[in-house]
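Each remark here refers to the structure printed beneath this line.
The values are calculated or read from the model by the stated rules, or taken from the named source; none is laboratory data. Please read all numbers here as calculations on a predicted model, not as lab measurements. So basically every Cβ, Gly included, is an ideal-geometry build from the backbone, and we count neighbours across all protein chains shown. In case anyone asks, the SASA skips ligands and DNA or RNA and just uses the protein heavy atoms, side chains included. Shrake-Rupley method; radii C 1.70, N 1.55, O 1.52, S 1.80 Å.
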Amino acid sequence: MSLSLETAANPENLRRVAIDPVSRVEGHGKVTILLDEKNRVHQVRLHIVEFRGFEKFIQGRPYWEVPVMVQRLCGICPVSHHLAASKALDAIVGAKQLTPTAEKMRRLMHYGQILQSHALHFFHLCSPDLLFGFDSEISKRNIVGIAEKYPETARRGILLRKFGQEVIRHTAGKRIHGTGAVPGGVNKSLSIAERDELLKDIYQMVAWSREAVHMVKELHHKNPELYNSFGAFRANYMSMVGFDGSLDLYHGRLRARDQNGDILFDGVDYRNYTQLIEEEVKNWSYMKFPYLKSLGKEKGWYRVGPMSRVQNCDFISTPLAEIERREFMAYSGVMPMHAPLGYHWTRMIEMLHAAEMIKDLLHDDDITGSELMASGERGFEGVGVIEAPRGTLIHHYRVDENDLITMCNLIVSTTHNNQAMNEAVRRVATQYLHGHEITEGLLNHIEVAVRAFDPCLSCATHALGKMPLEVEVLNEAGERLSILSRSGDGLFSAS
Amino acid sequence: MNKDVTFALSSAGVGESVARGQLDRGGVAMNNKPATFTLDGKTIPFSAGQTLIQAAMAAGVYIPHLCYNPEFKPHGSCKLCTVKADGRHTSSCTHQAQDGMVVESDTKEINDERRALLQMLFVEGNHFCPSCEKSGNCQLQATAYEIGMMSPHFDHFFPDRPLDASHPDYLLDFNRCILCSLCVRASRDVDGKNVFALSGRGIKSHLIVNAKSGRLADTGFSGEDKAAHVCPVGVILKKRVGFAVPIGSRSFDEQPISATPHPGPAAATLPPHPQGACPVGPRSNAATLPPHPTVKDV
Ligand code: SF4
Ligand code: FES
């Protein structure tokens, strides 16, 4: 786990190539690569150039606004922030134990979110790379191309996402930026009509999710060299795991393993996260670099998200997803899977799990119950952790006696993966770009590696493969030698 | 918005219209037929002393307004209720109806002016609707929807207005104050407490509370007060109530403000009116105004 290629020895003599912005990811990030005259790679960095300042902004606001306000961090997984904040603030209103209806409604909302987010990521953002090839014809390499060549796949992707959004709408009140969870519980349960409407389609969703797992699995089996090695690097990994060791995306304890899959820590109460994790600031990115304190900056960085979770848990509680988990574990063998493309496979296993969980929750009478709120002794500090679609999400607040927020700390999933994404990009740059003339297809390899992590670089969601992209090649004097650009309509041109 | 000008205009409006009404056309016409005026071509009957907005509301016709609340003496400051009466701009909440008057309200010209007023209100404060507990029950937001305000148009002022969270049960979020003075009127005229006042002039106008410390906790304010329940926007809010009513099930989600009988503080978020039976609640200092017939409850 080296940090080489993070900083070149003599940057002033090198050519700089920038992928700005990285497309088909959520938000705004850029990759810069420094090359010498023989196109040898000397430095690669994924920068996050957005700064949103939410942690500061939230100070001085009344705590009950927070679950709704923090959702604006993100247009893609607002529900995750909504729920993590609500969980943290449960401690403020003294709700040690939610009512069964409240806990199940929140879980239902969360699984709806996992389903819609994973479907969006796989079908809309990544299937073009996986089904057409990383350097396939650029004008086809998007969801529109998928809809032409694989209409059924595209249709399922759209309907799976839509179903997840409907689950969110019925639990949170709106498809995005709802208000369902409140400190201490929820503000609604499902009506019989809402439940029945969702029940109508859920079996189809389970079946389609299962086929989606099979589709990724086949891709791995067909081309193991690529899938097992593309951008591969070994890393520690961390996630929340259910109290019984199962894959639990809503609640549990923290567990981390090293690159060999051996336990680093387990059963940690997430309220003590500050004892485990430290964040490093680097002057070239707005995104911090967290690491496990016990291992230090150099060795302590880790991965989160589907590939960490599926390999970190002992089992999955729903039967179809558990079969798939076992197959995945058998495929990767004694050592954990570290190849970034494994994220897609595990992401689809989680989507299947989410669909099965939704099915089970819809059959649970508590979901239509009327006991919505719990309360208890007033608290002044709360930590809420949730496994968001992209990984572990930590919200931490302090509230004063007048009910205003005095401190807010957020560690979002993508931040945990910061070093890992940088590492993946460096691997791909070395594997594919080193010594070659740069082309759009080669640069897309870099983006494929970033995309595998499904990073959510901010709250934007306008991507869908048509984000304008510009790559400049500069000489050491900073003069532009050539420029490759992709316009908003996906057309590629060089000059 | 220049509040100096606004206040000056409103008092002139009241005086003038009252004088004219007493002279000849107020209430009942000379020939003993019920007195009427036309509002956008529709005939509206009225009784002596009624203002244009009262008569219009009684007839089920909506005229946008923010600082007017039938329970209180009109203030005439927001100018949202501006109409053209016999060709002249006037505040319909202060202008008494007169027989034969020709009034225009729902016209492009007037709605454009109303939209500009709303836009100015939005940019003067910090109105972050998405996480405001009042969203969906807020008259400013609902009126902006009604008038079709699609953007703030003007540059935001982004004023720095810290919250007053000192009171154990109520929060003051000054970011959203539109200076309608309803809390001032309620506290003074109904609660007899004078907890609130508007201070400063022009663009520096702001809401203050009556305590040396400047903190709500040090006033006589209580959640039982009328003043706790009249704010048309999200300034005076009960603490620890956040999104108990889902977005989508709030007053103006159900029907637009123009179809809501009395778009006062939303019924859903309010306790039953403490004063009991009176259909329009207590009305001190409002002797010239008859009870408002369309208001059922607030
Ligand atoms: S606090 Fe509310 S009621 Fe009082 S003046 Fe401001 S907007 Fe009007
Ligand atoms: S001026 Fe008439 S409602 Fe405000």
- Using the Cα gyration tensor of region A:137-209, the equivalent ellipsoid's semi-axes, largest first and to the nearest Å, work out to 32, 16, 8
- Query: Under 18 Å from a point 7 Å along the Cα-to-Cβ line of B:GLN255: which residues of region B:32-64 have their amide N that close?
  - Reply: B:56-64
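Could you give the semi-axes, largest first, of the ellipsoid that matches region A:200-262, computed as the square roots of 5 times the alpha carbon gyration tensor eigenvalues and rounded to whole Å? Write out the running numbers ahead of the final one.
Numbers: eigenvalues 133, 120, 10 Å².
In descending order, the three semi-axes are 26, 24, 7 Å.
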- Report the charge-dipole magnitude of chain A in Debye, nearest 20, computed about the Cα centre from +1 at each Lys and Arg Cβ and -1 at each Asp and Glu Cβ. 360
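From Cα pairs below 8 angstrom and at least 6 apart in sequence, can you work out the relative contact order of region B:46-196, rounded to a whole percent? Mind dumping the intermediate values first?
Numbers: 188 pairs, mean separation 30.6, N = 151.
The normalised contact order for region B:46-196 reaches 20 percent.
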- Item | Local electrostatic count, A:ALA212, Cβ distance below 10 Å [Lys/Arg +1, Asp/Glu -1] | +3
- Pull up the cross-link candidates among the aspartates and glutamates for B:LYS79, meaning alpha carbon to alpha carbon under 20 Å and not fewer than 8 places away within one chain. B:ASP4, B:GLU16, B:ASP40, B:GLU71, B:GLU104, B:ASP106, B:GLU109, B:ASP112, B:GLU113, B:GLU124, B:GLU146
- To the nearest 0.05, how large is the calculated FRET efficiency for A:THR439 and A:ASN283 if R₀ is 25 Å and r is the Cβ-Cβ distance? 0.20
- Please give the FRET efficiency for A:GLU298 paired with B:ILE203, using the beta carbon to beta carbon distance and R0 = 45 Å, rounded to the nearest 0.05. 0.20
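Shape call for region A:128-275 from the C-alpha gyration tensor, a ≥ b ≥ c root eigenvalues: rounded (a/c under 1.5), prolate (a/b greater than b/c) or oblate?
On the way: a/c = 2.26, a/b = 1.07, b/c = 2.11.
Oblate shape, in that a/c is at least 1.5 and b/c is the bigger or equal ratio.
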- Note on the structure: Calculated from DSSP helices alone, with each H run of at least 4 adding -39500 (n - 2.57) and the total divided by the residues of chain A, [θ]222 nm to the nearest 500 comes to -12000 deg cm²/dmol
- Exposure ranking of B:PHE252, A:PHE230 by accessible area [1.4 Å probe, largest first]: B:PHE252, A:PHE230
- Setting aside same-chain residues fewer than 8 positions from B:LYS73, which lysines have a Cα under 27 Å from its Cα? B:LYS3, B:LYS42, B:LYS84, B:LYS134, B:LYS193, B:LYS204, B:LYS226, B:LYS238, B:LYS296
- What FRET efficiency comes out for the pair A:PHE54/A:SER246, r = Cβ-Cβ distance, R0 = 41 Å, nearest 0.05? 0.80
- Query: Taking the Cα atoms of chain A, what is the range of coordinates along each of the three principal axes, in descending order and whole Å?
  - Reply: 68, 50, 44
- Query: Taking A:LYS293 as the anchor, which lysines have their alpha carbon closer than 27 Å to its alpha carbon, excluding any fewer than eight residues away along the same chain?
  - Reply: A:LYS56, A:LYS87, A:LYS282
- Task: Work out from phi, with θ = phi - 60° and the Karplus expression 6.51 cos²θ - 1.76 cosθ + 1.60, the ³J(HN,Hα) of each residue of region A:372-384, listed in order in whole Hz, and give x for Gly and Pro.
- Result: 9, 10, 10, 8, x, 5, 4, x, 10, 8, x, 10, x
- Task: Summarise the partner chain shielding of B:234-244 as one whole number: the mean count of Cβ atoms from other chains within 10 Å of each residue's Cβ.
- Result: 5
- Vicinal HN-Hα couplings computed from phi for region A:148-164 (Karplus, 6.51 cos²θ - 1.76 cosθ + 1.60; Hz; Gly/Pro x): 6, 7, 10, x, 5, 4, 4, 4, 5, x, 5, 6, 4, 4, 4, 4, x
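Can you tell me the length gained on complete extension of the stretch A:ASP262 to A:ILE323, counting 0.36 nm per residue apart and subtracting the Cα distance?
Extra length from A:ASP262 to A:ILE323 when fully extended: 19.7 nm.
Taking the Cβ of A:VAL304 as the center, what net charge do the other residues with Cβ under 9 Å away carry, scoring Lys and Arg +1 and Asp and Glu -1?
Values: positive: A:ARG303, A:ARG309, A:ARG390; negative: A:GLU387.
In short, +2.
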- Task: Net charge near A:HIS434: determine it from the other residues with C-beta under 11 Å of the C-beta of A:HIS434, scoring Lys and Arg +1 and Asp and Glu -1.
- Result: +3
- Taking region B:27-106 as the region of interest, what is the percent of Cα-Cα pairs per 5 angstrom bin, listed from the shortest bin to the one with the maximum distance? 3, 18, 30, 26, 16, 6, 2, 0
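Cα-based Rg of region B:99-175 per 2.2 N^0.38 Å, rounded to two decimals? Don't jump to the answer; show the numbers that get you there.
Details: Rg = 16.0 Å, N = 77, 2.2 N^0.38 = 11.5 Å.
Dividing the Cα radius of gyration by 2.2 N^0.38 Å gives 1.39.
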- Note on the structure: Between chains A and B, the summed loss of accessible surface on complex formation, probed at 1.4 Å and reported to the nearest 100 square angstrom, is 1700
- Message: Per residue of region B:64-75, what does 6.51 cos²θ - 1.76 cosθ + 1.60 with θ = phi - 60° give for ³J(HN,Hα)? Whole Hz please, x for Gly and Pro, Karplus curve as stated.
- Response: x, 6, 10, 8, 8, 9, x, 6, 10, 4, x, 10
